[in-house]
Amino acid sequence: MSTSSSVLVTGGAGYIGSHTVIELLNSNQNVVIIDNLYNSSFEAVRRIETITGKKVTFYKVDILDKKALLQVFNQHPEISSVIHFAGLKAVGESTKIPLDYYHNNITGTITLLQAMKEVGIKNIVFSSSATVYGDPPVIPIPETSPIGSTNPYGRTKQFIESIIRDLCTANPDWNAALLRYFNPAGAHPSGILGENPLGVPNNLMPFLSQVAIGKREYLSVFGQDYPTRDGTAIRDYIHVVDLAKGHLAALKKLDDQPGCVEYNLGTGQGSTVLEMVQAFSKAVGRDLPYKIMDRRPGDVTNLTANPTKANTELDWKAEIDLDTTCASLWNWQSKNPNGLEDCPGDAPPELVIKYI
Ligand code: NAD
Ligand code: UFG
């Protein structure tokens, strides 16, 4: 990418997007963020500016709004690639409102791809998920593992992967990196940016950190009858800054014009739920209360990445250990007990572009 070009980051005010924008700015790349702020706050954009010391170009835009997307592309003809984070992401919620998930994630992505096609932008990095592997037959999971998600959210990722792959096949000058994230955790080392879940957190680490801060009484551990070392399910927890850096590596890879490529972004190390409780308790300095409950429907035993392909082809490797990940989460949670909730969250009206 030339120094005068820009990367459009959709969903750049969200958890993974905001950390990725910081890494892009720190490596002197120009960034344009769009986000409809449905699950995030404009305060995240202000905090990116504080951390990097750089002014951020942001527009409040919905990816379903093609006219607004085209306006952004026309205002920024220097945009040469897109990192596409924008989407709904709660597995449980997706089973209750599947149409909203299919519309926002799939129609939204098709609208984005159509707008890119109209203006001739042909490089995209897409946020996929380890959930596309369903219940995998082999651990650690290689990219060649069979695809078959067990929930509507995961199916949106699976379908979008196919759509992007078909687009690249039909148009060999397009390039795409489909990044299958394992479980992002932790927060920015500054302590002023991290995950900002609205309402009751669905995911393990944000819930556990709300137990630690006193907002929740105890953690419900979903199932202790899995065939694992302590009976609880295994996941591959990757620090969000390591994950963010994986996007820069993937973007660089697109310069080689690889066509459509998939990569697992994980550490290769699995941890059980109880091991995570122990690791986070250590960061907090006291034992955190938990109760063993029934399994959560739809959960699988083990999602641990085989990250060899990303390690070798992208020259990228997760480097941050679990203790540092837990310490960064506690640093963020203890300094911001309410996340970004207490800050004014909406974008100034001059940054809103809306036609739908
Ligand atoms: P997030 O909710 O913090 O960020 C997503 C952002 O997209 C939010 O800021 C939201 O406001 C925005 N958005 C949603 N719909 C939009 C729309 N129609 N138009 C414009 N903006 C829209 O989530 P995250 O954890 O940062 O996840 C980013 C991406 O990574 C998502 O696509 C998610 O599915 C994927 N992913 C996340 C995880 C995880 O555990 N966090 C794991 C695997 C994949
Ligand atoms: N868990 C608990 N108690 C909780 C929350 C979670 O015991 O309160 C357990 C779950 O049962 C699971 C593990 O902790 O065994 C991790 O659960 P998360 O909800 O944190 O994460 P998932 O692995 O279910 O899913 C996450 C994201 C998906 C993404 C996937 C990739 O939510 O979007 O990681 O592995 F696709």
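Observations on the structure shown:
Results for (1) more than 22 Å from Asp242 (Cβ to Cβ); (2) part of a loop (DSSP other than H, G, I, E, B); (3) within 13 Å of ligand 2 (Cβ to nearest atom); (4) of a type in the set (Lys, Arg), shown as yes or no for each residue.
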residue: Ser127; (1), (2), (3), (4): no, no, yes, no
residue: Asp135; (1), (2), (3), (4): yes, yes, yes, no
residue: Val138; (1), (2), (3), (4): yes, yes, no, no
residue: Thr144; (1), (2), (3), (4): yes, yes, no, no
residue: Ser149; (1), (2), (3), (4): yes, yes, yes, no
residue: Gly154; (1), (2), (3), (4): yes, no, yes, no
residue: Gln158; (1), (2), (3), (4): yes, no, yes, no
residue: Ser162; (1), (2), (3), (4): yes, no, no, no
residue: Asp166; (1), (2), (3), (4): yes, no, no, no
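- Residue check: Pro172 meets all listed conditions (1) modelled with pLDDT of 95 or more; (2) more than 13 Å from ligand 1 (Cβ to nearest atom); (3) under 27 Å from Ser334 (Cβ atoms); (4) not in a strand (DSSP E or B) but one, namely (3).
- Ala283 vs. criteria among the hydrophobic types (A, V, I, L, M, F, W, C), open to solvent by less than 10 Å² (accessible area, probe 1.4 Å) and more than 29 Å from Lys96 (Cα to Cα): no
- Residue satisfying condition, being at pLDDT 95 or above, within 15 Å of the chain's Cα centre (by Cα) and assigned to a loop (DSSP other than H, G, I, E, B), within set Gly17, Gly12: Gly12
- Verdict on Phe159 being touching a residue at least 12 places away in the same chain (Cβ under 8 Å), in contact with an Asp or Glu (Cβ under 9 Å, 6 or more places away or on another chain), away from ligand 1 (no atom under 12 Å from the Cβ) and under 28 Å from Leu99 (Cβ atoms): no
- Index of the failed condition, Asp62 passing every other in (1) within 19 Å of the chain's Cα centre (by Cα); (2) under 23 Å from Asp299 (Cα atoms): (2)
- So Asn39, is it more than 16 Å from ligand 2 (Cβ to nearest atom), open to solvent by 20 Å² or more (accessible area, probe 1.4 Å), among the polar types (S, T, N, Q) and part of a loop (DSSP other than H, G, I, E, B): no
- Selection within segment 193-215 - within 18 Å of the chain's Cα centre (by Cα), in a loop (DSSP other than H, G, I, E, B) and either crowded, with 19+ Cβ neighbours inside 10 Å or within 14 Å of ligand 2 (Cβ to nearest atom) (or both): Leu193, Gly194, Glu195, Asn196, Pro197, Pro201, Asn202, Asn203
The values are calculated or read from the model by the stated rules, or taken from the named source; none is laboratory data. Not measured: the values here are computed from a predicted model. Heads up, the Cβs are rebuilt from the backbone with ideal geometry, glycines too, and the neighbour counts pull from every protein chain shown. When the accessible area is computed, the model is the full protein with side chains, heavy atoms only, and any ligands, DNA or RNA have been set aside. Shrake-Rupley method; radii C 1.70, N 1.55, O 1.52, S 1.80 Å.
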